[in-house]
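Before any comments, here is the structure.
Each reported figure results from applying straightforward, stated rules to the coordinates on display, with no laboratory input. Fair warning: this is a prediction, and the values are worked out from it, not measured in the lab. We place every Cβ from the backbone using ideal geometry, glycine too, and count neighbours over all the protein chains shown.
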Amino acid sequence: MAEHPAYPVGLRLSGRRVVVLGGGQVAQRRLPALIAAGADIVLVSPEATPSVEAMADAGEITWARRPYQDGDLAEAWYALIATSDPETNSAASAEAERHRVWCVRSDDADQATAWTPATGHSEGVTVAVLTTDARGRDPRHTAAIRDAVVEGLRDGTLVAPHHRTRTPGVALVGGGPGDPDLITVRGRRLLAEADVVIADRLGPRDLLAELPPHVEVIDAAKIPYGRYMAQEAINNALIEHAKQGKSVVRLKGGDPYVFGRGMEEVQALAEAGIACTVVPGISSSISVPGAAGIPVTHRGVAHEFTVVSGHVAPDDERSLVDWPSLAKLTGTLVILMGVDKIGKIAETLVAHGKSPDTPVALVQEGTTAAQRRVDATLATVAETVRTEDVKPPAVIVIGAVVQVGPAPAA
């Protein structure tokens, strides 16, 4: 059989009996895909790893807690043989041959009637890479090919155009804190498929250079506002381009719903009858402190963290933040958009009970090549911002977690 290449095929196993022999690491890796395929799975094994046992406890598989017996494969459509006993594997393989059950063997590919390809998934597409014959099987090579193809589809470097008509609409994509590698794979793929990208100043700008030449890139900060408020003008631009039948990506920094006015845009699009997809992003409130060596929570130090917008000062009548209550919390306080208001914020927190010695870290341009961290206390932070010339965008972290990690480089 090894003289001929394997014939690739996709098995539709939903509701069909699949028998897995052995509850070890091989089963642990293969079972999730079989469960996802809807197979009626019977595991035959005296023991199983904790993860496999959890699948049985959850009712995802049926577990016969005993060794293999002749006849176990009689009603199966497909079998995975992965016990640690070669004799058992051979006996089960022989039974599979008698009953014409396609059978994968983890210990001896030459004696199997089926091979498991290296598989990956990207937006409704399954990529399966299979070695052509058993003698030249190289699992690491096939896995590397699989990974390269899937990654290319996800990040847009391997462009596979849709030949069916795409539904026009808008995707609100959270671009993450700034490093282009921190955008989600779905966000990157949608960018690669876009006709128009309307980008925020704080979005991952480096990604825009990777877009194909035909993509129209619009800087949201430079949209002519005219008689409109800035947000209205952005909403109108999204609606206008989508109504022209284009695929539009609204690229925002961080996450669209964390001080990003994402819901305002979703509501405007809904009122205009335009389909909208929201792709969450990594929020700078947790990623930027992490990139600077600061955990927002830490066992025995902080059991909660609070994220606050600092664009409105505590004494401003428009403020919706309960600063006196925040001063009483013992956890971490993360402030976004608060560089120019940090003096008043620190003063208010101290006035309502927070110690003046509470550590503060300001992380400017977090996750980018220009990232820098400046440390202070509530008592000194206002002066530190002035003397160190800290500029937005910067994430401010207040609390004992600032001192948990290694000391920042001088």
TODO: Provide Thr119, Thr142, Thr126 in ascending order of the number of other Cβ atoms located within 10 Å of each residue's Cβ, fewest first.
DONE: Thr126, Thr119, Thr142
Task: Estimated FRET transfer efficiency (Ser51, Leu329; beta-carbon r; R0 56 Å; 0.05) - done: 0.90
Open item on the list: Tell me the net charge near Ala272. Cut-off is 12 Å between Cβ atoms, Ala272 excluded, with +1 for each Lys or Arg and -1 for each Asp or Glu.
Closed with: -2
Task: Length released on extending from Asp316 to Gln403, taking residue separation times 0.36 nm less the Cα-Cα span - done: 28.2 nm
Open item on the list: Between Asp389 and Asp85, what is the label-point separation in nm under the 7 Å Cα-to-beta-carbon projection?
Closed with: 7.5 nm
Task: Ranked packing of 213-219, 362-368, most packed first, by mean Cβ within 10 Å - done: 362-368, 213-219
- [ ] Multiply the residue gap between Glu75 and Leu11 by 0.36 nm, knock off their C-alpha separation, and tell me the result in nm, one decimal place.
- [x] 21.4 nm
Task: 4 °C / 1.567 mPa s Stokes-Einstein diffusion coefficient of region 169-279, Kirkwood radius on C-alpha pairs, µm²/s - done: 95 µm²/s
Open item on the list: Using DSSP H assignments, which helices in the chain have an axial alpha-carbon span of 15 Å or above and a mean Kyte-Doolittle hydropathy of -0.5 or higher?
Closed with: 25-36, 139-155, 230-243
Task: Stretchable slack from Gln244 to Ala272, in nm (0.36 nm times residue separation minus alpha-carbon distance) - done: 8.8 nm
Task: Approximate spin-label separation Trp115-Gln25, in nm, with each point projected 7 Å along Cα-to-Cβ - done: 2.2 nm
TODO: At 7 Å along the Cα-to-beta-carbon direction for both Thr62 and Leu158, put a label point, then send me their distance in nm to one decimal.
DONE: 3.9 nm
- [ ] Report the paramagnetic label zone for Asp219: residues of region 378-398 whose backbone N is under 18 Å from a point 7 Å from Cα along the Cα-to-Cβ axis.
- [x] 392-393
TODO: Go through [x] 20.2, 62; [y] 22.1, 82; [z] 28.1, 82 and flag the label whose value is the computed Rg and Dmax of the Cα atoms in Å for this structure.
DONE: [z]
TODO: Can you tell me the dipole magnitude for region 285-403 around its Cα centre, using point charges on the Cβ only (Lys, Arg +1; Asp, Glu -1), in Debye to the nearest 20?
DONE: 260 debye
Task: By average C-beta atoms within 10 angstrom, highest first, the peptides 390-397, 374-381 - done: 390-397, 374-381
